[in-house]
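A short worksheet on the structure shown next.
The values are calculated or read from the model by the stated rules, or taken from the named source; none is laboratory data. Only a predicted model underlies this, so the values are computations on that prediction, with no experimental measurement involved. Positions of Cβ are generated from backbone atoms using ideal geometry, with glycine treated the same way; all protein chains shown enter the neighbour counts.
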Amino acid sequence: MEGLLLSHVDGSGAPPDDHGPATALSRDRVTDWLERSGFSYFVDSDGDAGGLWHGWLFYFLVLGERSEVLQVRGQWHRDLAIERLEDVLEICNEWNAERIWPKAYVRVRDDGSVVVCAEVTADVGRAATTAQLDQLLQCGLSTGSMFFEHLDTLFPDPLRAAP
């Protein structure tokens, strides 16, 4: 469908309320969004931005040969024992089968602990408007948080329960 132009009500072909022209994706645009949104964040030694949202670690990555891919990757705040791997894989598979975002998956560390992750990845091509970037970043944070809240209900923190 390359070259397909959809016309909107104003006939311009631009989506309504697009907050200006589309510009190239960059790490600076991501950190500008974080600052405008009032979020606290850090930049690691690789130049990637990250931060904590409701206790969950999220990274905001700009990937690809031409920095055309935006990825919001989150990690659940607790590790699971390797004995829970089958359970959590089933939960991730069910989530992925029923929802578009985020992609849910697990990683097994060298010590055998299980880390649960969620990510939203979008190839924005050559450029994205401010509104598109805002929507993708919010989507990554909100859907990742929804998945992690789901995990919290399935695996309640034993230290939060009254003795």
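For Leu52, state whether it is in contact with a Leu (Cβ under 6 Å, 6 or more places away or on another chain), of a type in the set (A, V, I, L, M), part of a strand (DSSP E or B) and under 14 Å from Leu141 (Cβ atoms).
Numbers: in contact with a Leu (Cβ under 6 Å, 6 or more places away or on another chain): no; of a type in the set (A, V, I, L, M): yes; part of a strand (DSSP E or B): yes; under 14 Å from Leu141 (Cβ atoms): yes.
No; evaluated as a whole, the condition is false for this residue.
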Q: Determine which single condition Asp134 fails, assuming it passes every other condition in (1) exposed (fewer than 14 other Cβ atoms within 10 Å of the Cβ); (2) at pLDDT 95 or above; (3) out of contact with any Asp or Glu (no Cβ under 9 Å at 6 or more places or on another chain).
A: (1)
Q.
Restricting to region 47-70, name every residue that is buried (at least 17 other Cβ atoms within 10 Å of the Cβ) and free of Cβ contacts under 8 Å to residues at least 60 places away in the same chain.
A. Asp48, Ala49, Gly50, Tyr59, Leu61, Val62, Glu68
Q. Can you spot a residue in region 98-105 that is buried (at least 16 other Cβ atoms within 10 Å of the Cβ) and more than 30 Å from Thr23 (Cβ to Cβ)?
A. yes
Q.
Here is a check on your reading of the model: is Gly144 in contact with a strand residue (DSSP E or B) (Cβ under 9 Å, 6 or more places away or on another chain), part of a helix (DSSP H, G or I) and within 16 Å of Gly55 (Cβ to Cβ)?
A. yes
Q: Consider Arg73 carefully, then state whether it is in contact with a Cys (Cβ under 7 Å, 6 or more places away or on another chain), among the charged types (D, E, K, R) and surrounded by 19 or more Cβ atoms within 10 Å (Cβ to Cβ).
A: yes
Q: Please work out which residue is modelled with the highest pLDDT, limiting yourself to region 44-55 and to residues that are among the hydrophobic types (A, V, I, L, M, F, W, C) and touching a helix residue (DSSP H, G or I) at 6+ places or on another chain (Cβ under 7 Å).
A: Ala49
Q: Starting from region 93-115, keep only residues that are over 23 Å from Leu136 (Cβ atoms) and without any contact (Cβ under 8 Å) to a residue 40 or more places away in the chain, then list their pairs with residues that are among the basic types (Lys, Arg) and assigned to a strand (DSSP E or B) whose Cβ atoms are within a distance under 9 Å, requiring at least 6 positions of separation or different chains.
A: Val114/Arg107
Q: Go through the residues of region 126-147 one by one and say whether even a single one is under 11 Å from the mean Cα position of the chain (by Cα) and β-branched (Val, Ile, Thr).
A: yes
